[in-house]
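Peer 1: Got a structure for you, questions after.
The values are calculated or read from the model by the stated rules, or taken from the named source; none is laboratory data. Small disclaimer: the values here were computed from a predicted structure and weren't measured. With ideal geometry, Cβ positions are generated from the backbone for all residues, glycine too; neighbour counts draw on all protein chains shown. All accessible areas refer to the heavy atoms of the entire protein, side chains included, with ligands and DNA or RNA removed. Shrake-Rupley method; radii C 1.70, N 1.55, O 1.52, S 1.80 Å.
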Amino acid sequence: MGLRINDTVPDFTAMTDQGAISFHDWIGDSWAILFSHPKDFTPVCTTEFGAVSQLADEWAKRGTKVIGLSVDGAEEHKKWKTDIEGFSGAKASFPIIADSDLKVAKLFDMLPADAYLPDGRTAADSASVRAVFIISPDKKVQLIMIYPMSVGRNFAEVLRALDGLQRTYKQPLAVPANWTVGQDVIVALSLDDAAAEAKYGALDKKLPYLRFAKNPD
């Protein structure tokens, strides 16, 4: 069975370009995002890690740690960061997991258990290692996005999704399509009208099952 939303994220120890980590300990009490990549020195991935670097202040505002993964070694990661920083004009201060043995990619169900890296391999051999996992402080998977190698990830959407998850975390709320911070939120059907109004004030009832509340504190 693959990793699913609300599963506890696998714990593991691994080497990164910044030294060894134990994943659950590294997360601590923070939100965390794992961005995975099939190979260092690849074009789309370089633009993506550049975008992650440029958003350092945004991750910090949201109390969120970010960590990369690529199916190469720590020394390759260090060299690759020179390209990432040169391209993006931003410091790549986040760690990148060295997953040359594919342990983490398999733990997260990005590759089948019998996968291996052939001699002379290319990024196509580990193409499915292109995912985003957003993880809450209780170490549970809250969101998974999977992309092909030909389409760069939209980090405005990653931030929007993170905002939505943090807005609704452990609350009877949801956010609608295209929601951004400050807009009205949807009250879950687990609350009847009376309970919802007592908790969130007057409701904007679009349909019996679609009830909006002003963005509550």
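Peer 1: Those residues that are surrounded by 14 or more Cβ atoms within 10 Å (Cβ to Cβ) and of a type in the set (Val, Ile, Thr), I need them from the range 170-190; list them, please.
Peer 2: 175, 185, 186, 187
Peer 1: Please pick out the residue among 167, 160 that is of a type in the set (Lys, Arg), open to solvent by 50 Å² or more (accessible area, probe 1.4 Å), out of contact with any Pro (no Cβ under 6 Å at 6 or more places or on another chain) and modelled with pLDDT of 95 or more. Let's see the steps before the verdict.
Peer 2: Values: 167 fails: open to solvent by 50 Å² or more (accessible area, probe 1.4 Å).
After ruling out the rest, the residue left standing is 160.
Peer 1: So which residues in the range 141-162 are touching a residue at least 60 places away in the same chain (Cβ under 8 Å) and under 12 Å from the mean Cα position of the chain (by Cα)?
Peer 2: 141, 142, 143, 144, 153, 155, 158, 159, 162
Peer 1: Still on this structure: Looking at (1) modelled with pLDDT under 95; (2) under 19 Å from the mean Cα position of the chain (by Cα), which one does residue 175 not meet, given that it meets all the others?
Peer 2: In the conditions (1) modelled with pLDDT under 95; (2) under 19 Å from the mean Cα position of the chain (by Cα), residue 175 misses (1) alone.
Peer 1: Which of the strands (runs of 3 or more DSSP E) contained wholly in the range 8-92 include at least 2 residues that are closer than 19 Å to residue 141 by Cα and open to solvent by less than 20 Å² (accessible area, probe 1.4 Å)?
Peer 2: Of the strands (runs of 3 or more DSSP E) lying wholly inside the range 8-92, those with at least 2 residues that are closer than 19 Å to residue 141 by Cα and open to solvent by less than 20 Å² (accessible area, probe 1.4 Å) span 31-37, 64-70.
Peer 1: If residue 193 passes every condition in (1) exposed (fewer than 15 other Cβ atoms within 10 Å of the Cβ); (2) of a type outside the set (Phe, Trp, Tyr); (3) more than 16 Å from residue 207 (Cα to Cα) but one, which one does it miss?
Peer 2: (3)
Peer 1: Determine, yes or no, whether residue 139 is under 19 Å from residue 63 (Cα atoms) and either surrounded by 13 or more Cβ atoms within 10 Å (Cβ to Cβ) or among the β-branched types (Val, Ile, Thr) (or both).
Peer 2: When the stated conditions are applied, residue 139 passes them.
Peer 1: Pairs only if they're at least six apart or on different chains, beta carbon under 7 angstrom, first in the range 31-44 and over 18 Å from residue 85 (Cβ atoms), second open to solvent by 10 Å² or more (accessible area, probe 1.4 Å) and part of a strand (DSSP E or B); list them, first residue then second.
Peer 2: 31/64; 32/64; 32/65; 33/64; 33/66
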